[in-house]
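For reference, the structure discussed in these notes is given below.
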2 protein chains.
Amino acid sequence: MIPACAAHPHLAEPRVVVPTARISAGCCTMTFQIRQLSTADYPFVISVIDQWWGGRQMADKLPRLFFEHFTDTSFAAERDGKLAGFLAGFISQSRPGEAYIHFVGVDPAERGSGLGRLLYEAFFAAAKARGCVLVRAVTSPVNRGSVAFHQRMGFQLEPGDAEAGGIPVASGYDGHDGDRVRFIRSLRGA
Amino acid sequence: MIPACAAHPHLAEPRVVVPTARISAGCCTMTFQIRQLSTADYPFVISVIDQWWGGRQMADKLPRLFFEHFTDTSFAAERDGKLAGFLAGFISQSRPGEAYIHFVGVDPAERGSGLGRLLYEAFFAAAKARGCVLVRAVTSPVNRGSVAFHQRMGFQLEPGDAEAGGIPVASGYDGHDGDRVRFIRSLRGA
């Protein structure tokens with residue numbers, strides 16, 4: 001048995017309820033329920049999203065359409081009935097075999113619990129079940145935590161036309177001056 | 001023969017090159033080439049998008065992903081080799097039979113030419129060919145020109161929980177305080 005997490009001693013038994021058996025709980029014994037994202041989650045997510053990003057204005061990057069039209073490959077993580085994190089992703093419509101993770105948010109109070117890994121693994125399983133062989137994602141070059149997380153999750157860095165702190169960057173990738181680190185991960189054998 | 005448009009007397013022959021025969025040229029004799037949207041269009045679109053919207057900051061609402069992963073149901077309109085307008089839309093992944101128009105932009109110098117209609121009709125044809133039976137879209141309640149355009153294009157207004165100038169509005173629909181007018185249009189018999 002995994003030792004109980006010091007932060008959550010009330011949870012005696014490690015248990016993770018997830019749609020696929022291969023997802024593990026990370027280092028913590030918290031119980032997360034992973035389920036499909038729903039339109040009903042949208043008002044809560046929008047109410048916390050800027051706070052979860054340390055005050056950055058993020059709502060414009062997350063229109064409701066991702067909570068309506070891509071729910072079968074988007075996931076919510078709940079703990080004790082409260083949304084602790086979410087992932088909005090989709091299967092590429094025009095690039096066969098590709099899947100894309102657009103937006104992932106985890107409550108700052110839940111970070112370090114392995115929740116990001118749970119959400120990504122739920123997405124990998126959903127994408128693979130739909131015939132995808134690779135997953136793409138991007139992040140901002142200043143977000144070194146996100147870069148490191150994607151590398152731990154098995155993503156490779158794609159080549160860029162610039163570099164920031166030794167990391168390849170695609171300059172002007174998204175919007176005005178939106179430099180991005182681009183990631184790619186194979187789903188073969190995953 | 002349709003009389004030549006006074007604004008474009010150099011175009012003697014009305015001709016519209018489009019992927020479907022049912023799309024008409026509207027009131028003008030300009031020649032537009034409708035083709036699939038491409039990732040290569042993204043830098044130009046981002047460079048003009050705020051100007052096309054009268055200075056509003058729109059780039060955050062249009063990440064590159066729409067120019068990469070939904071190109072088979074997204075369209076560019078060119079005149080004389082220059083991008084005059086575009087439409088980014090997709091087939092709903094999780095709502096069978098539904099299609100969604102996310103973003104449409106027309107160069108202010110090209111408005112009134114019927115170009116918006118051309119782009120919508122290209123999308124309707126693409127959605128119908130993929131088995132869709134309805135199309136959804138939303139707009140801001142202050143954009144009365146867009147509301148009128150959608151009504152001319154056969155969209156119905158969906159019920160809202162509020163009202164603005166006699167029009168039903170879904171309050172807080174998108175992002176922070178993003179009230180929206182919601183449209184729905186059947187593709188049956190279209």
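The values are calculated or read from the model by the stated rules, or taken from the named source; none is laboratory data. These figures come from a predicted structure and were not determined experimentally. Positions of Cβ are generated from backbone atoms using ideal geometry, with glycine treated the same way; all protein chains shown enter the neighbour counts. What goes into the accessible areas is simple: the full protein's heavy atoms, side chains included, and nothing from ligands, DNA or RNA. Shrake-Rupley method; radii C 1.70, N 1.55, O 1.52, S 1.80 Å.
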Rounded to the nearest percent, how much of the accessible area of region B:101-190 (1.4 Å probe, protein heavy atoms only) is carbon and sulfur?
47 percent
B:Thr139 accessible area, nearest 10 Å², 1.4 Å probe?
20 Å²
Please work out the Cα center distance from region B:55-73 to region B:84-100, rounded to the nearest Å.
12 Å
Label point 7 Å beyond Cα along the C-beta direction, distances from A:Pro43 to other copies (nm, shortest first)
4.4
Between copies, how far apart are the A:Arg144 label points? List them in nm, one decimal, shortest first, with each point 7 Å from Cα toward Cβ, please?
5.4
What does the copy distance list look like for B:Asp80, label position 7 Å along Cα→Cβ, in nm and ordered from shortest?
6.6
Nearest-to-axis residue of chain B, judged by beta-carbon position, where the axis maps B onto A, in Å:
B:Asp60, 2
Round to the nearest 10 and report in Å² the accessible area of A:Val104, as given by a 1.4 Å probe over the protein chains' heavy atoms.
40 Å²
Out of B:Gly172, B:Val135, B:Phe123, whose Cα points farthest toward the positive end of the dipole of region B:115-190 (charges: +1 Lys, Arg; -1 Asp, Glu; placed on Cβ)?
B:Phe123
Probe 1.4 Å, heavy atoms of protein chains only: per residue, the accessible area of region B:55-190 in Å² is 39 Å²
What distance in nm separates the simple spin-label points at A:Glu158 and B:Asp161, each placed 7 Å from Cα in the Cβ direction?
3.8 nm
